[in-house]
Structures are given as structure tokens and as C-alpha cells.
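Quick notes on the structure that follows.
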Amino acid sequence: MNVHFFLFASAIGGEISGLIESSGLVAKAVLLILLVFSLASWAIIFSKWGLFRRARVQSNRFIRAFRKSERLQDVAAVAEQFKPSPLIAVFDGAYEELRKQAPYPIRMIALQRATQIAASEELGRLESRLPWLATTGAVTPFIGLFGTVWGIIDAFHGLGTAGGATLRAVAPGISEALITTAAGLFAAIPAVIAYNMFTQHIREFGARMDDFGLELINEVERAQTGARAVESVERR
């Protein structure tokens, strides 16, 4: 069965290669443009796939470490090893704000702003290069269609010049023209699927960063309340 599949794939590949070689200059230029879009999209897809996978794993580990720790200093000491997680940026932003407020009573509103700013910046980093996938999904079908329309116009122009309007005469030109539409769809479909999937992942990370920011603020408030209670008891 594998041999049959290999032979079938080789035959299809040879036929497509023959169609590309016999295509006109405009069709080849269109195919080259689509190839650039496709290669760039696949590079982004593989890169983002690995990034989100590592971020999800490290976020789970960081949350467990955070909830087990009794002090934020302990979390800060080990935070670097969970770096792929976007939660680290939120923690670092809040921890830096706490260090700035150290000599004074903690202002929770400023701390909340720090977590929101860090989360927003991290979302911007996660969303980087995704517009290219959206552009690929929206533009490449039309680029391929342009190549097809141009090829069909060229085929019918050749028929008008030759004076023979038979199906056998026009079929090769149309089949060569349709290869650009197929190439456009080949570039667009994976980009659209990946864009929608990555957008969903980013929404999940955004909600997770918001939840972690609230959990961190609650932890700081509990620590501050406990410190005040101890201080009050000592004064008595």
C-alpha cells in the first residue's frame, strides 16, 4: 500500500511539475509569490506552535510553584526557570512595583495597574507575526485567482489567434491556469486554520494572566493584612 501511495504521489507531483513548467511568465511569478507567502506562514506556524506549547507547560508548573511558596521572594528566586510562561511577565511587573513601594504602604491600585500593563505587553508579544497569517489567508486566494484569470485570458487569446475553439485545444491552457488557484488555496487554508487556533490560545493566555494578576494581588493583600495584625499585636 505504501508503494502504491508513493507511486501515486510521484505521478501527481510529476504532473503538477509539468503544469508549472509549461505555465506562462505571469503564472510562474504568481506561483513564486504564493510560495513566499506559504513558506513564511509555515515558519510562523511552527514557531508559534512551539512557543505556545512551552508557555502552557511552564505556566502550569509556575502556578504550582507559586501556590506552594509562602513568600514572593521565594517565587522571584525561581521564576527565571519558568521564563517561557507569560505569567512570569505579570509576576515580574508586580514584583518590581512592590520593590518600588517597599518603604511605603502598598498601593493596591498601582499594583493592579502594573499587572495589567505587564499582561498587555505580553499579549502583544504573543500576537507578534500573527497578522501575517491573517494576511496570507485573506490575500493568497485572490493572488491565485488573478493568475488563473490571466491564464484563461491568455488561453482564449491564443484560441482566437489560432482560430480553433475546441475543448481539446483550450483544456491545457485552462488546466495550467487553474494551478495558481490551487496554490493560493494551499497557502491560505493552513494560515487561516493556524490563525484561528493561535487566536484562541492567546485569548486563553489573556484570561489566565488576568486571573493570575488577581490571585497575586490577593496574596499581597493577605500578606499585608497579616503583617499589620502582627505589628498591632506586638505594639500591645
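Please treat every number below as a calculation from the coordinates, not as lab data. Predicted, not measured: the structure shown is a model, and the values here were computed from it. Counting neighbours? That spans all protein chains shown, and the Cβs are built from the backbone with ideal geometry, glycine included.
Any idea how far the Cα center of the range 180-198 sits from the one of the range 102-127, in Å?
37
I need the peptides 28-38, 85-95, 139-149 ranked by packing, meaning the mean over residues of other C-beta atoms within 10 angstrom, with the highest value on top.
Descending packing order for the listed peptides: 85-95, 139-149, 28-38.
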